[in-house]
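The values are calculated or read from the model by the stated rules, or taken from the named source; none is laboratory data. Quantities reported herein were computed from a predicted structural model and do not represent experimental measurements. Glycine gets a Cβ as well: all are built from the backbone with ideal geometry, and neighbour counts include every protein chain shown. Just so you know, the surface numbers come from the protein's heavy atoms only, side chains and all, with ligands and any DNA or RNA stripped out. Shrake-Rupley method; radii C 1.70, N 1.55, O 1.52, S 1.80 Å.
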Amino acid sequence: MSVLSFRRGAVGVGAAAVLAATGTWVMWPADIDGRLWSEVRPVIEARIAAESRGSGYAETVPALEARWFCQAKALELEEHAGEVRAGVNTLCVEYGVQDDSLVECGAGQYPQVVRLERDDAAAGGYRVVAREEPPDGDGYGRWTQSHFGAFARSSLQDPMSSRPLEATARAHFGLPADASVGEC
C-alpha cells in the first residue's frame with residue numbers, strides 16, 4: 001500500500017468518524033435532569049389531561065365512559081431560582097370502553113412550554129403557573145422556532161407511541177392487558 005492511499009484511507013476514516021460523532025450528537029436530546037423530570041412530569045401530565053377534558057368526541061356520547069390520558073416527553077428542562085421551564089412534546093389520547101373493548105375517540109400530539117414553581121403544599125411539590133402551546137395553522141412554525149432550540153425542534157417530528165397510554169387506559173377501565181383497541 002502506498003503512502004498516498006494510506007493517507008486517503010486515514011482521511012476517509014477520520015471524516016466518517018467526525019460525521020458519525022456529529023450525527024450522534026445531533027440525535028441525542030439535550031441533557032435532561034432525570035431527578036427533576038421525575039418530579040415535574042406527573043404534575044405536567046395531570047394538568048394537560050385535566051385541560052383536555054370537555055374537548056373530545058366521546059364526551060358528547062352520554063352512554064360512553066371515556067377520559068383523556070396524556071404523556072409528556074421532555075425536550076428541554078431548566079431550573080432557575082425555584083422556577084422550572086419544561087419544553088415538552090405531548091401526546092393525549094381520549095379512550096373509552098365499548099363492548100368490553102378499549103376505543104380511541106380522539107388524539108393529538110403537540111409541543112408545549114410549561115412553567116412550574118416549587119410549592120411544597122402541592123401534589124408532587126410543584127404547581128403549574130403557565131402553559132403555552134402553538135397556535136393552529138401558519139403560526140405553528142414561528143411559535144416552535146421562538147420557543148424551542150434547534151435540537152428540540154427536530155424531535156417534535158418524531159411520533160410518540162400511544163402504547164403506554166393504552167396500557168394505562170386498560171388498567172383504569174379494568175380491561176385485560178390484551179383487550180383490543182378500536183375507534184369510536
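Results, tabulated for the structure shown:
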read-out: Calculated from backbone phi, Karplus (6.51, -1.76, 1.60) coupling profile of segment 134-139 in Hz, x at Gly/Pro; value: x, x, 6, x, 5, x
read-out: Magnitude of the charge dipole, segment 80-134, Cβ model with Lys/Arg +1 and Asp/Glu -1, debye to 20; value: 380 debye
read-out: Segment 48-179 - charge dipole about Cα centre, Lys and Arg +1 at Cβ, Asp and Glu -1, debye rounded to 20; value: 260 debye
read-out: With every protein chain in place, segment 67-184: carbon and sulfur % of accessible area (1.4 Å); value: 45 percent
read-out: Relative packing of 74-80, 108-114, 135-141, which averages over residues the other C-beta atoms within 10 Å, highest first; value: 108-114, 74-80, 135-141
read-out: Segment 137-184, Rg to Rh (Cα coordinates; Rh as Kirkwood inverse mean 1/r); value: 1.23
read-out: Solvent exposure of segment 83-184 as accessible area per residue, Å², 1.4 Å probe; value: 52 Å²
